[in-house]
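We did not get these values from a lab; they are worked out from the coordinates using the rules stated. Source: prediction; values computed, not measured. Ideal geometry is used to build each Cβ from the backbone, glycine not excepted, and the neighbour counts take in all protein chains shown.
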Amino acid sequence: MLPYDGNHEKWDEAIHEKDGGSPQRMSTYVALLRAINVGGRGLVRMDRLKTSFDAAGCSSVRTLLQSGNVIFDCASASRATTFERIRDEMNRLVGRETQIMFRPAADMERLVERGPFASLQHDRTLKLYVAFLAGKPRHVPQELPRSTKEAVECIAIEGSDAFLVSRPKPNGFYGFPNNFLEKELGLAATTRNWSTVSKIAAALRRTEG
């Protein structure tokens, strides 16, 4: 699988050429929706979410958890068109423009296999997050973004994914990194905790099996 760089049309052309132009090759993707079923906003039932993806022409659609995670198949050569249809269907369902980040299943599995948080996973005082960005940042600052106020820091940015650590604030609560990171990088993002990302990868492996 070619690495995803945030440019759907360029990605389509590269895959289409690599596959010898065959429009029938089906691939599996993960859609990560921003601000779905969070804090009482963007409430969407999972069965209606699945129906919207079916209507967009996807196959083997399955949802995971309640935070807007969808695994689906579509033809590799027409993925950009399918992605736009998904956005249109979701905009109608939610009644507003919906940000959706798409990732190839293989990339999601590799991300988890790589274990980007290493020994930090064993520190129960930390919350670990992956922010899925709408594209590659135009400029990655030498000093990665951090917020003292929110006790959140970005420890790495790889392609269109950012890895963040949240520590307890003086009041005992944890800061959530999504809005902070969007402001720092000037890109839309949707964030999942490491447990959710791991569960998505596990669901993908079960599908393959």
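For A55 and L120, the difference between the fully extended length at 0.36 nm per residue and the C-alpha to C-alpha distance is 19.3 nm. Over 24 Å between Cα atoms: which of K50/K136; K149/K199; K50/K199; K136/K183; K50/K127; K169/K199 fall into that group? K50/K136; K149/K199; K50/K127; K169/K199, as the Cα separations exceed 24 Å there. If R0 is taken as 25 Å, the Cβ-Cβ distance between A202 and F173 corresponds to a FRET efficiency of 0.30.
The GluC sites (Glu not before Pro) of segment 38-128 that meet both conditions, a loop assignment by DSSP and at most 16 other Cβ atoms within 10 Å of the site Cβ, are E97. Computed from the C-beta positions of N193 and M26, the FRET efficiency with R₀ = 30 Å rounds to 0.50. Only alpha carbons enter this Debye calculation for segment 57-209, each as an equal point scatterer, and the log10 of I(q)/I(0) it gives at q = 0.09, 0.11, 0.13 Å⁻¹ is -0.32, -0.48, -0.66.
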